[in-house]
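The values are calculated or read from the model by the stated rules, or taken from the named source; none is laboratory data. Computed from a predicted structure; not experimentally measured. Here the Cβ is made from the backbone with ideal geometry for all residues, glycine too, and neighbour counts use every protein chain on show.
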Amino acid sequence: MKVDNMVRTLRVLLRANTIIADIYLRNALARAGIYAFAGLIAAFGLLMLGIGLFFALEQLWGPVWAAVAVGGGNVVLALILALVAAQVKPGRDLELANEINQSAMDALTVELKSIEQDVRGITNIVRNPLDSALSGMLVPVLGMVLKALRGK
């Protein structure tokens, strides 16, 4: 039945959209985790830079520069992690899900056009019942008339 096909197509469409949403959510969560870690490292780096600058001004060129180097290294690491997080992209599964989604939409469009044609046919029957009945009865009536003429 056309309605069964349409329901099946709608289920496929819903499943494809669910997969797409899941892929985007996993991608966003991965990025958020990396950004959070980069933020933590950057905060620690800023803290170390602040402490290092304080000690640098206090003692003017001692073991303090080690703290400055560690803080600077942490900031560089945080920037690298932020760049990596910006490059995280969804895999091939998103492409496949988009193809399934498009296929389901195309199938649904075909089913809806078929149902529309059926509804138009029913509408024509309801609007012009005599024309519909006449075309269905024309062949048997003509057959009977021809038999009657042949018999005479």
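Name the one entry in ALA36, ALA67, ALA21, ALA78 that is touching a Gly at 6+ places or on another chain (Cβ under 7 Å) and either loosely packed, with under 14 Cβ neighbours inside 10 Å or at pLDDT below 80 (or both). Show your work before the answer.
Numbers: ALA36 fails: touching a Gly at 6+ places or on another chain (Cβ under 7 Å); ALA21 fails: touching a Gly at 6+ places or on another chain (Cβ under 7 Å); ALA78 fails: either loosely packed, with under 14 Cβ neighbours inside 10 Å or at pLDDT below 80 (or both).
Of ALA36, ALA67, ALA21, ALA78, the one residue that is touching a Gly at 6+ places or on another chain (Cβ under 7 Å) and either loosely packed, with under 14 Cβ neighbours inside 10 Å or at pLDDT below 80 (or both) is ALA67.
Of the residues GLN87, GLN102, the single one that is polar (S, T, N, Q), surrounded by fewer than 11 Cβ atoms within 10 Å (Cβ to Cβ) and at pLDDT 80 or above is GLN87.
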